[in-house]
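The values are calculated or read from the model by the stated rules, or taken from the named source; none is laboratory data. Note that this is a predicted model, so its numbers are computed, not measured. Every residue, glycine as well, gets a Cβ built from its backbone with ideal geometry; the counts of neighbours run over all protein chains shown. Please note that ligands, DNA and RNA were not included when accessible areas were found on the heavy atoms of the full protein model with its side chains. Shrake-Rupley method; radii C 1.70, N 1.55, O 1.52, S 1.80 Å.
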Amino acid sequence: MNSILKIEEGDKVIMRKQHPCGNSEFLIVRLGSDVKLMCIKCGRYVELPRVKAEKQIRSIVEKDAEA
């Protein structure tokens, strides 16, 4: 059974694989059928299909403060 992650825009997450800059902490910028992530260290954007992104998320570091 698949567990559903409750991710929202503005959440900081730790991914299983590192970005080429060496960082594994990302900020969720946009949600939809694709997830747009921004690397906290270098500021570059990564876009992944939502299913793949949810599998790659190890943990949610910080929930959005506005929620």
Filter the stretch 12-32 for residues that are touching a Lys or Arg at 6+ places or on another chain (Cβ under 6 Å) and assigned to a loop (DSSP other than H, G, I, E, B); the one that is farthest from I57 (Cα to Cα) is C21
Candidate set: the stretch 46-66, residues that are closer than 11 Å to I7 by Cβ and open to solvent by 70 Å² or more (accessible area, probe 1.4 Å); chosen: the one farthest from the chain's Cα centre (by Cα): K63
Within the stretch 13-45, residues in contact with a Phe, Trp or Tyr (Cβ under 9 Å, 6 or more places away or on another chain) and open to solvent by 40 Å² or more (accessible area, probe 1.4 Å) come out as I14, V29, K36, M38, I40
Determine whether S33 is out of contact with any Leu (no Cβ under 8 Å at 6 or more places or on another chain), hydroxyl-bearing (S, T, Y) and closer than 12 Å to M15 by Cβ. no
Take the stretch 33-67 and flag every residue that is assigned to a loop (DSSP other than H, G, I, E, B) and of a type outside the set (A, V, I, L, M, F, W, C). S33, K41, G43, R44, K63, D64, E66
